[in-house]
Structures are given as C-alpha cells and as structure tokens.
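Single-structure report; data block below.
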Amino acid sequence: MTTTRFLTNPSPAEMPRSADVVIVGGGPAGTAAAWAIERAAPGTRIVVIEQGSQLASGASLASLENFRTCWAAPCLHRMMQRSIHVFHHAEEFLGEGVKLGLKQQGYLFLAFTEPGAATLKSDVEHLHRCGLTHVAYLTGDEVAQRHPWLGRKVVAAKYDPVAGWMDSNALVYAFANATRSTTFLLEVQQTQLRLNGDRVRGVSTANGDIDAPQVVIANGAGARPLGRSAGIDLPIVIRPRQSFTTGWRHDGFDEESPCVISAAPFPHVRPEARSGAIFGYEYKWNTKAVQPDPDARRDALLDPLYPVEQFKDPRFPSVTLALLARQLGHAPGQGFADPRYLRGIYHRAGYYVYRDNAYATLVDGTRVRYDSQRAIIDAWPGLEGLFVSVAHVGHGIMSAPAAGEILASKVTGQPLPDPTFADFGLDVSYVEHDMGGLSDNGLKVK
Ligand SMILES: Cc1cc2nc3c(=O)[nH]c(=O)nc-3n(C[C@H](O)[C@H](O)[C@H](O)COP(=O)(O)OP(=O)(O)OC[C@H]3O[C@@H](n4cnc5c(N)ncnc54)[C@H](O)[C@@H]3O)c2cc1C
C-alpha cells in the first residue's frame with residue numbers, strides 16, 4: 001500500500017504517469033472526493049492536481065467556515081446533516097487525533113418586522129415538516145433574554161442549534177491525510193483535459209501528462225476554462241464575495257454568541273477567536289468595470305479574473321458594519337457603530353460558483369433563471385470518464401463530506417448514498433425550496 005504523498009512542482013521524473021482517477025483542484029471539493037473515493041474503493045490510485053503552493057488555495061481562504069442544517073430543500077439539508085455527522089465523528093471518518101476546531105454555537109436569523117417574523121415562522125414550520133425539529137422559532141423577548149446585546153429591535157428569530165463553524169484548512173488537510181493511495185501534486189499549472197474520441201484519456205500539465213480513465217473537475221472558479229479544454233461548456237457562473245475579520249468586538253457580543261444573520265440584505269457576523277469577529281454580506285455586484293462587453297452578464301463572470309483581491313471594495317467593511325448597526329439600532333459609537341471595529345481589519349475576497357442552468361416556471365408559464373443553491377455533482381454526459389463537482393456556492397465547506405460521497409458514488413458506479421442527492425444532477429433544472437440562500441428573490445413559482 002502506498003501512503004499519501006505531496007509533491008511540489010514535480011520534475012518530469014517525479015510526475016506520476018498514470019492513475020485510476022485524476023482530480024483537478026485541491027480545495028474542499030477535490031480533497032473530499034479523493035477521501036470518499038478511497039473509502040468507497042480502497043486502493044484506487046488517485047492523483048489530485050492543485051495549482052497553488054498548498055491545498056485549499058481557492059474560495060475557502062475567504063470563507064466564514066460556517067455550517068448549518070437549516071436548508072429548506074431536502075437535498076441540501078440532508079447533505080449538510082450527513083456532512084455535520086462526519087464533522088462530529090471526525091476521528092472515525094478522518095483518522096485518529098483529527099481536530100477540526102468545531103464550535104457549535106448556532107445560527108440566529110433575525111427579523112425586525114412582523115412580515116419578516118411571519119416568514120421566519122413559516123420557514124421553521126417547513127423545516128419541522130422536513131424533520132428538522134431542532135430548529136426553533138424565537139420571539140423577540142426570547143432573543144432579548146438569550147442575547148441581550150442584540151437589543152430590543154429584534155421582533156423574532158429562527159435558531160438552528162446544530163450550526164457553527166470550524167477550521168476549513170484543517171478539514172481539507174484531514175481529507176488529504178486520510179487518504180492512502182492518493183498523490184497530491186502542488187504548484188502544477190496549465191492542466192488540460194485529454195480525450196480519446198468520446199472518452200477521457202487523462203490530463204496534460206506543464207509538468208507532464210498523466211493517463212487516467214477517469215478525471216474529476218473540482219477546481220471551483222477555474223472549472224469553466226478547464227472544461228473548455230475538452231470542448232465542453234460547464235453551466236456555471238461566478239461572483240466575487242467578500243468577508244473581513246476584526247481583532248476586536250464590543251462588550252456583550254461574547255465568545256459564546258451564535259452566528260447572527262440579520263434581515264435583508266443579510267449582513268452576518270460571528271465571534272472569531274477570543275476577541276474578534278468575522279463578517280460577511282452578499283451584496284449586489286455588477287461587472288461594468290471589468291466587463292465592458294454590453295452582452296456580458298451584469299452580475300456574474302464566466303471566467304475568473306485574478307487576483308480575486310481586485311474585487312475587494314474598500315467600503316465593504318464600513319458598509320457591513322453600518323448596516324448591522326442600523327438594523328440593530330446601535331447609536332454612533334456603540335455596538336457595531338463603534339469605530340474600534342475598523343482598526344486592523346483583515347479583508348478578503350473569493351469566488352462563489354453558481355449553477356447557471358436552474359430555472360423556475362412561474363404561475364404565468366414564463367421561465368425564470370434563478371440562483372440555485374445546488375452544486376453540480378455528476379458524470380458529464382457523452383464523455384465517458386469525466387465527472388464534475390462544482391458550483392458549491394457559499395457552502396462548499398459545510399457540504400464537503402457529502403459532496404465527496406456523492407461524487408464517489410458516480411465514479412465507482414455505486415448507488416447514491418441518499419435518493420434526494422439525485423437533485424445535484426447536471427440537468428435537474430428546478431428543485432422546490434432551492435432559492436433560499438441568504439438572498440430573497442421573491443419569485444412566485446408554479
Ligand atoms: C466570502 C466567502 C464566504 C464563505 N463562507 C462559507 C461558509 O461560511 N461556509 C461554507 O461552507 N462555505 C463558505 N464559502 C464557500 C466555500 O468557500 C466554497 O463553496 C468552497 O471553497 C468551494 O470548494 P471548491 O473545492 O469547489 O473550490 P475552491 O475552494 O475554490 O478550491 C478550488 C481549488 O482548485 C484550485 N484550482 C483552481 N483552478 C485550478 C486548475 N486549473 N488546476 C489546478 N488547481 C486549480 C484552487 O487553487 C483551489 O485550491 C464562502 C466563500 C466565500 C468567498
């Protein structure tokens with residue numbers, strides 16, 4: 001049995017010449033796929049190709065590293081429940097001594113108006129009907145009692161106690177270290193797919209070619225250009241998203257606090273380490289400055305532009321803090337309006353990757369494209385041996401173990417671990433309750 005190997009910028013002599021499966025991308029999706037394929041078919045010779053100098057060099061670097069179960073679509077909440085089970089049993093699934101830095105302090109979604117409270121209430125009722133009975137509806141008084149620092153403007157909340165955050169880098173390396181017959185190639189550029197008619201033949205790279213009958217595209221925002229090397233057009237788009245960490249947080253917002261998701265447009269924050277906080281906010285974005293082409297999509301890119309840091313809007317931290325302060329009613333100098341938040345900020349950007357072939361049929365019969373929360377985890381039709389695990393949107397860390405297992409079932413030809421996971425199929429255009437990320441597009445679907 002071989003052991004896990006890491007090779008950085010391998011020489012032609014060091015390059016593996018062949019593998020059973022090549023996985024392109026060493027982020028959460030790619031490493032989870034290697035872990036799960038080995039569990040399903042021990043001894044499979046896998047090569048993971050990563051262009052960065054370390055694994056997890058993509059979107060996870062900017063991530064809030066959160067997880068939660070309260071997803072409205074069954075395929076999504078079952079995916080997260082399975083993944084959280086793996087996180088909670090990390091030693092069993094990932095190896096002795098594995099520590100993922102799990103904190104399970106919950107997610108609290110806030111409402112500041114009666115209609116907002118009614119929406120949260122019906123969300124909770126729906127989640128209960130789906131079996132997620134641990135998710136609770138809290139009145140404003142209950143929120144004030146549990147978390148006085150949130151103030152009196154909160155009318156109601158939805159609370160997911162089986163939610164929290166973790167160390168995403170530890171997760172990716174735990175997947176990698178749990179493998180036995182996988183080789184990880186770092187700093188390998190210019191990977192292209194190689195075909196033989198309608199079959200995959202392997203990949204070519206700047207360091208040499210690898211023959212393999214099965215290749216997995218799992219390289220996040222880089223997936224569309226990679227697919228093009230095999231003449232296929234992956235139905236995905238990408239949008240830059242930002243987060244920032246502060247070294248300070250205000251009194252009352254203590255280390256034990258949950259992750260708080262405020263009302264539309266959904267700025268969110270959670271405690272980070274002893275004294276800081278980490279913030280996110282999926283604000284509307286448009287491509288005008290970087291895509292002068294008038295036909296280009298206004299709010300999304302097809303191919304990534306690097307460095308992604310160019311999309312950091314310097315106003316982002318102050319806008320996010322101001323929004324939270326306004327919604328929570330913090331006066332200047334208090335709470336999130338305290339200027340100490342703006343000192344020593346660590347501001348990051350990364351790409352969310354979205355499925356771009358989801359559409360809903362409205363009551364009047366028209367079809368409307370929507371931002372699906374569902375990844376694409378499937379075999380590519382018409383090209384034998386090609387698989388994709390892409391479009392993990394804003395939850396590719398919390399979903400990684402289950403996403404790996406779904407991909408592994410496709411690669412090994414075994415049944416899906418859960419029938420609802422068929423909804424991650426390439427051509428599944430619509431799934432009920434699949435629009436409810438942190439954005440609210442208010443469509444009335446047939
Ligand atoms: C601001 C922000 C906040 C987020 N918050 C959360 C959160 O709280 N919880 C959560 O679960 N998720 C969160 N996410 C989403 C999460 O980070 C992604 O869904 C996840 O990282 C996707 O995993 P991936 O492996 O598909 O892609 P990535 O993480 O982007 O990894 C892809 C890897 O492939 C490599 N690569 C790219 N192109 C090539 C190539 N051609 N050849 C070789 N290697 C290549 C990259 O270097 C990278 O290492 C957040 C993301 C952002 C941007």
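The values are calculated or read from the model by the stated rules, or taken from the named source; none is laboratory data. Note that the coordinates shown come from a computational prediction; the quantities given were computed from them, not determined experimentally. Ideal geometry is used to build each Cβ from the backbone, glycine not excepted, and the neighbour counts take in all protein chains shown. Heads up: the accessible areas ignore ligands, DNA and RNA and are worked out on the full protein's heavy atoms, side chains in. Shrake-Rupley method; radii C 1.70, N 1.55, O 1.52, S 1.80 Å.
Quick check on region 247-261. Is at least one of its residues in contact with a Gly (Cβ under 9 Å, 6 or more places away or on another chain), charged (D, E, K, R) and modelled with pLDDT of 95 or more? Yes, some residue in region 247-261 is in contact with a Gly (Cβ under 9 Å, 6 or more places away or on another chain), charged (D, E, K, R) and modelled with pLDDT of 95 or more.
Looking across GLY202, GLY227, GLY208, GLY197, one residue alone is in contact with a strand residue (DSSP E or B) (Cβ under 8 Å, 6 or more places away or on another chain) and on the phi > 0 side of the Ramachandran plot. It is GLY202.
Checking each residue in region 56-70 for being more than 6 Å from the ligand (Cβ to nearest atom) and assigned to a loop (DSSP other than H, G, I, E, B) picks out ARG68, THR69, CYS70. When only residues in region 154-175 that are in contact with a strand residue (DSSP E or B) (Cβ under 6 Å, 6 or more places away or on another chain) and among the hydrophobic types (A, V, I, L, M, F, W, C) count, which is farthest from GLU65 (Cα to Cα)? Ranking the qualifying residues of region 154-175, first place goes to VAL155.
If a residue must be under 25 Å from PHE266 (Cα atoms), within 21 Å of the chain's Cα centre (by Cα) and either more than 14 Å from the ligand (Cβ to nearest atom) or part of a loop (DSSP other than H, G, I, E, B) (or both), how many such residues does region 361-410 contain? Within region 361-410, residues that are under 25 Å from PHE266 (Cα atoms), within 21 Å of the chain's Cα centre (by Cα) and either more than 14 Å from the ligand (Cβ to nearest atom) or part of a loop (DSSP other than H, G, I, E, B) (or both) number 16. Examine region 318-337 for a residue that is within 12 Å of the ligand (Cβ to nearest atom), part of a helix (DSSP H, G or I) and surrounded by 15 or more Cβ atoms within 10 Å (Cβ to Cβ), and state whether such a residue exists. Among the residues of region 318-337, at least one is within 12 Å of the ligand (Cβ to nearest atom), part of a helix (DSSP H, G or I) and surrounded by 15 or more Cβ atoms within 10 Å (Cβ to Cβ), which makes the answer yes.
Hey, any hits in region 146-156 for a residue that's open to solvent by less than 10 Å² (accessible area, probe 1.4 Å) and touching a Cys at 6+ places or on another chain (Cβ under 7 Å)? Within region 146-156, none of the residues are open to solvent by less than 10 Å² (accessible area, probe 1.4 Å) and touching a Cys at 6+ places or on another chain (Cβ under 7 Å). Note on region 27-37: residues that are more than 6 Å from the ligand (Cβ to nearest atom) and either within 17 Å of GLU187 (Cα to Cα) or open to solvent by 20 Å² or more (accessible area, probe 1.4 Å) (or both) total 1.
Selection of region 189-237 for residues being open to solvent by 40 Å² or more (accessible area, probe 1.4 Å), more than 12 Å from the ligand (Cβ to nearest atom) and not in a strand (DSSP E or B) yields GLY197, ASP198, PRO213, GLY231, ASP233.
Scanning region 254-270 for residues that are within 14 Å of the ligand (Cβ to nearest atom) and open to solvent by less than 40 Å² (accessible area, probe 1.4 Å) yields PRO258, CYS259, VAL260, ILE261, PRO267, HIS268, VAL269, ARG270. Listed conditions (1) more than 10 Å from the ligand (Cβ to nearest atom); (2) among the β-branched types (Val, Ile, Thr); (3) assigned to a loop (DSSP other than H, G, I, E, B); (4) over 30 Å from PRO317 (Cα atoms) are all met by VAL290, apart from (4). I'd like to know if region 88-101 contains one or more residues that are within 11 Å of the ligand (Cβ to nearest atom) and assigned by TED's automatic domain parsing to the domain that holds SER372. Within region 88-101, none of the residues are within 11 Å of the ligand (Cβ to nearest atom) and assigned by TED's automatic domain parsing to the domain that holds SER372. Residues in region 360-407 that are open to solvent by less than 30 Å² (accessible area, probe 1.4 Å), farther than 22 Å from ALA73 by Cα and in contact with a Lys or Arg (Cβ under 8 Å, 6 or more places away or on another chain): 3 in all.
Screening LEU426 on (1) within 16 Å of the ligand (Cβ to nearest atom); (2) not in a loop (DSSP other than H, G, I, E, B) shows it passes everything except condition (2). Inside region 38-55, can you point out the residues that are near the ligand (Cβ under 6 Å from one of its atoms) and open to solvent by 20 Å² or more (accessible area, probe 1.4 Å)? Correct list: GLN51 only.
When the residues of region 83-141 are filtered to those that are of a type in the set (Ser, Thr, Tyr) and part of a loop (DSSP other than H, G, I, E, B), the one that is most open to solvent (accessible area, probe 1.4 Å) is THR133. Among the residues of region 238-245, is there at least one that is more than 10 Å from the ligand (Cβ to nearest atom) and surrounded by fewer than 23 Cβ atoms within 10 Å (Cβ to Cβ)? Yes, the conditions are met somewhere in region 238-245. Residues of region 361-376 that are touching a Leu at 6+ places or on another chain (Cβ under 8 Å) and of a type in the set (D, E, K, R): ARG374 alone. The condition of being hydroxyl-bearing (Ser, Thr, Tyr), out of contact with any Lys or Arg (no Cβ under 8 Å at 6 or more places or on another chain) and over 30 Å from SER318 (Cβ atoms) does not hold for THR183.
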